Amino acid sequence: MSRFDELLGALRGRGDLAEWLARGRQATRVTATRDAAGALTRAAAIGEVAATVHVDAATGRGSATVQVAGDRAPGPLIDAAVARAGAALGPAWRSPPPGAPARVDVFDARLADPERAAADALAALAAAIERAGAATVTASAEVEIADHAVTTSRGLAVRWSETAIAVRATIAVDGLAATLAARGRAAAQLGVAARVDAAVARARAAATARPTPPGRAAVVLPAELLGGDAAPVLGALAALGDAALHRQGLARAPLGRAVVDGADGAAQPLTVRSDGTRALGPESAPLGPHGEPVRRFTLIADGVLVGLALDQREAALRGVPPNGGARNLTLGGGASSADELRGDGVLELLELTHADVEPLTGHGALGIGLAWLHGAAGTPPRAVRGGEVQGDLVAALLRSRRTRDQVIDGAYAGPALVWLPDLAIL
Amino acid sequence: MSLTRRELVALLGRTAAAGALWACGGRGGPATAGAPVEVELRSVLRDAVAAVRATWPEASGWAGQRARTHLLSATGGRGTTTEHLAVVTLRVADARGVIERTTHDVTPEAIARLAAELAAAGPGTGRTLDPGAPVDHVARPAQDPATLPAAGWLVALDAALARSERLGETRIVWRAAHAIVDDERRWFVGDGLDVLHRAARVRAGITMLAWSGNRPMIGEVVVGRAAGIEALGVTDDAIALAAGRALELLTPGDVPAGPSALVLDPSVVAAIVAAGIRDVVTTAAWGRPDLAARARLGQPVAAPAVTIVDDATAGGFAGHARDDEGAPARRVALVDGGTLAAVLADARGAAIAGVPRTGHGRRGLDDGAVAARATDVTMTAGAEPDDALLAAIGDGLVIETADGASVDPRTWQLVVRAARARRVARGKLTGHAWGDVEVRGEVPALLGAVSALGATTTTLTSLDGVATSVTAPAIATRGDVAPRRSR
């Protein structure tokens, strides 16, 4: 009997639980690395079995989660979890009847043999680096294949498999280095050759980079950063729809109102959607962590906050269906061309040294690892580095201009370039 | 004013108290705990390595096991949660390269299965494993977390919370005494080596939250020690310091930006040492050809008074006798009299970088992967009392209470985030104090401008990934100051 089945048996025999959820994940993660010392292959077997128990009392509901590991029987662990749940009572709520899991493709059959897939991805990465005329400092490919199982006391029993792949490299060109990273659920999503070319270009640009001039400027964020190091900026957007913050009166903007003054009348009003059902999206899944079905929803429509991220508990407290939370944020396209956004004095970020964004307020600092400082039309941009972009990044996104196209980079989907007005450069 | 748990976590941000709140549950969300591992890993590991060694020219095994208990005694609730984690990694190598297999299923059957799979794939050029006699390096704290019931551990924190409440300030809306207790074991088995290292570590502290107008003010003091339950106490001085930080009234507006003479408190110096030296001068970072630090090895990167060492043998927070690759630990001077002197190295990194192996191959308990990681890093203290540091800069700013730092490896440009800047005029504090500031500069410039080092040091500890610590004094130097996350 598997540990997951043992856990189910222990949970089903109890009468002191109002509700419960059991989840299991069995994964194999293979990492293939190549560097000056040669080849290194790591394979890790990861097994996770956990239960969340809910207990009801006159004053509300308490919840606790327990992981089942080692060779211990699950019964005593559930006893301890019940005790902890009883000491952690919050508002009363009850799970709605189980909804149908999202029908979403999160499995790439070409990664079914993770050891071979990791070796193939690493070989492709190394070949792309060689083709670009660069040297490999270190390169790695990681492939994971995982089987999930979720069963609840309300009759939900779902199993699915998913794959994930990521590549990382540090390359060298003429004594200069640059890093690259990409992730997805299928090798074809990674765009390795283009990323290697971009990394080579950044390494060469860094050789001539000068200090970033301070002042105020419009800043362009490319999709490569929004899907990577600048993801905390999107995290601040997601926090706008945090249902718990709304329930507690802590949200920045109320539902049905413009997120910031003038956002609904902006030149290119922003629409943001959560799409946890995007095929092969890194954050896509049939179910959320509490067994709630994942659904697409609109977070912001033309600058107005219209949707909340609802897990099982927050949805139940409101008496509405859950949606599994904010996933794979999609920014609506704008009406600008890339050339229009790359105007005189605009700073186009290429690499970040850090992203320090406060989710509740949207205020943040982005460390400028490398950027293009654009000049007048017809003049080439100058490479700059150092300093920070600071300001209210959420307000800037709501007042942004964007290219018309839609690209996908990791969890991000949206315009290739996002232009943020009037930020401080320090 | 009452606060929900989620509000608290949001306001407390990256503080130690926020971690304790999440770990210990409370209103609003599920708490998580795991089951202890009751397998005798040493004998299982020896058997597994022996099986693999029979067919591979190189073979070794490593196992890690940890019980981590979070404790919280706070306004509105108290609790404890214990998480258990165990991992085994088998490593083999031949001319084709290195293979590692890791599992979190540490039952004897699973480990034996893993070993059998690896053994079957071996080239057949192995021999009988002879690990020699087992060697134990076992910490035996005065009050051992392995033998004392966790139910009684909260007493010391309850007492600290009660003492903090006697301060009686109505502006303090939330207080918490909190701690993490780690009981960790690591085994390494290879040719000629069978080593166990057991460590007990405690990080205990107090956090207070007050409102200053509509702005939350957080005061927190956390002390980490390689010790047992006896280290759970929080001193009256720490409580008073945390309360003072939470209740301080700040000067309106942003800190004056620009270059300035600075006194950096030990936490800010520790953040500079951690991000600018400890995390850069390792073989994990050394591969970049444009790493600014690489070109400076053997050259001055700090004032001659500055010496920074990593010493796992000094009995500090993260100390050990051997690293997770079986190499003996040793004291390494990273910056010696101002000169960049050495690179922290694991076995693979040393081979790539062409530097000596230093016994810093450390594996994370989450994934079992090895990398060159520091242990206990110390910047040697000077002889100056705090007043003398203020006098040394004359006019400038004191920067206090670091909240992290970032470094650009190409330029060695560093940004340190801190909670306070205080104005100094003619060698005295003026009473002006601003919140949320940054200090910027190239690491060699910040350390090269050091004109005085304080006599007293503070040790900052971390249990993220692997245990580490940085001990540093206050320094007088020069750097650029700017507001953090300005509008």
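The values are calculated or read from the model by the stated rules, or taken from the named source; none is laboratory data. The model shown is predicted, which means the values in this text are computed figures rather than measured ones. Ideal geometry is used to build each Cβ from the backbone, glycine not excepted, and the neighbour counts take in all protein chains shown.
Of the residues making up the stretch A:192-250, those that are more than 20 Å from the chain's Cα centre (by Cα), among the small types (G, A, S) and either closer than 18 Å to A:G307 by Cβ or crowded, with 22+ Cβ neighbours inside 10 Å (or both) are A:A199, A:A203, A:A209. Within the set A:V150, A:V137, the sole residue that is over 29 Å from A:T52 (Cβ atoms), of a type in the set (V, I, T) and in the same structural domain as A:R42 (by TED's automatic domain parsing) turns out to be A:V137.
Inside the stretch B:456-487, residues that are within 14 Å of another protein chain (Cβ to nearest Cβ) and either part of a loop (DSSP other than H, G, I, E, B) or in contact with an Asp or Glu (Cβ under 8 Å, 6 or more places away or on another chain) (or both) make up a count of 7. Output the number of residues of the stretch A:202-221 satisfying the condition of being assigned to a helix (DSSP H, G or I) and either closer than 30 Å to B:A257 by Cβ or assigned by TED's automatic domain parsing to the domain that holds A:A134 (or both). Adding up the residues that qualify gives 3. Taken together, the residues in the stretch A:308-341 that are buried (at least 20 other Cβ atoms within 10 Å of the Cβ) and of a type outside the set (S, T, Y) amount to 19. When the residues of the stretch A:325-346 are narrowed to those that are within 19 Å of the chain's Cα centre (by Cα) and either more than 22 Å from A:Q406 (Cα to Cα) or not in a strand (DSSP E or B) (or both), which ends up nearest to the other protein chains (Cβ to nearest Cβ)? Once the filter is applied, the top-ranked residue is A:G325. Taking the numbered list (1) in contact (Cβ under 8 Å) with a residue 40 or more places away in the chain; (2) of a type in the set (A, V, I, L, M, F, W, C); (3) part of a helix (DSSP H, G or I) in turn, A:A178 passes all entries but (3). More than 8 Å from chain B (Cβ to nearest Cβ), over 30 Å from A:A194 (Cβ atoms) and over 24 Å from the mean Cα position of the chain (by Cα), is that true of A:R84? No: the conditions fail for A:R84. Quick check on the stretch A:263-279. Is at least one of its residues on the phi > 0 side of the Ramachandran plot, surrounded by fewer than 21 Cβ atoms within 10 Å (Cβ to Cβ) and in a loop (DSSP other than H, G, I, E, B)? No, every residue in the stretch A:263-279 fails to be on the phi > 0 side of the Ramachandran plot, surrounded by fewer than 21 Cβ atoms within 10 Å (Cβ to Cβ) and in a loop (DSSP other than H, G, I, E, B).
Among the criteria (1) touching a residue at least 24 places away in the same chain (Cβ under 8 Å); (2) surrounded by fewer than 19 Cβ atoms within 10 Å (Cβ to Cβ); (3) of a type in the set (D, E), the one A:D113 does not fulfil is (1).
The residues on offer are A:T138, A:T163, A:T170, and the sole one that is in contact (Cβ under 8 Å) with a residue 40 or more places away in the chain, under 25 Å from A:A231 (Cα atoms) and within 14 Å of another protein chain (Cβ to nearest Cβ) is A:T138. Note on the stretch B:380-447: enclosed strands (runs of 3 or more DSSP E) holding 1 or more residues that are away from chain A (no Cβ under 12 Å) and of a type in the set (F, W, Y) are B:428-442. Kindly establish whether B:T103 is of a type in the set (S, T, Y), surrounded by 14 or more Cβ atoms within 10 Å (Cβ to Cβ) and free of Cβ contacts under 8 Å to residues at least 60 places away in the same chain. The answer is yes for B:T103. With respect to the conditions (1) without any contact (Cβ under 8 Å) to a residue 40 or more places away in the chain; (2) part of a loop (DSSP other than H, G, I, E, B); (3) closer than 23 Å to A:I408 by Cβ, A:P282 lacks only one, and its number is (1). Total residues in the stretch B:421-443 satisfying the condition of being buried (at least 21 other Cβ atoms within 10 Å of the Cβ) and touching a helix residue (DSSP H, G or I) at 6+ places or on another chain (Cβ under 8 Å): the figure is 3.
The residue that is nearest to A:G281 (Cα to Cα), among those in the stretch A:87-103 that are touching a strand residue (DSSP E or B) at 6+ places or on another chain (Cβ under 9 Å) and away from chain B (no Cβ under 14 Å), is A:A102. Taking the listed residues A:T33, A:T65, A:T52, A:T59, the one that is surrounded by fewer than 19 Cβ atoms within 10 Å (Cβ to Cβ) and among the hydroxyl-bearing types (S, T, Y) is A:T59, with no other qualifying.
Picking from B:V92, B:V98, B:V88, which residue would you name as being facing another protein chain (nearest Cβ under 9 Å) and buried (at least 17 other Cβ atoms within 10 Å of the Cβ)?
B:V98
If you go through the stretch A:251-262 and pick out every residue that is in contact with a strand residue (DSSP E or B) (Cβ under 9 Å, 6 or more places away or on another chain) and surrounded by fewer than 17 Cβ atoms within 10 Å (Cβ to Cβ), you end up with 4. In the stretch A:347-361, is there at least one residue being more than 14 Å from chain B (Cβ to nearest Cβ) and touching a residue at least 24 places away in the same chain (Cβ under 8 Å)? Yes, the stretch A:347-361 contains a residue that is more than 14 Å from chain B (Cβ to nearest Cβ) and touching a residue at least 24 places away in the same chain (Cβ under 8 Å). Count of the stretch B:325-371 residues, restricted to those that are assigned to a loop (DSSP other than H, G, I, E, B), under 20 Å from B:V309 (Cα atoms) and touching a Gly at 6+ places or on another chain (Cβ under 6 Å), is 4.
Scanning the stretch A:276-292 for residues that are at pLDDT 95 or above and under 24 Å from A:T52 (Cα atoms) yields A:G276, A:E283, A:S284, A:A285, A:P286, A:L287. Within the stretch B:338-363, the residues that satisfy the criterion of being within 13 Å of another protein chain (Cβ to nearest Cβ) and without any contact (Cβ under 8 Å) to a residue 24 or more places away in the chain are B:A347, B:A351, B:G354.
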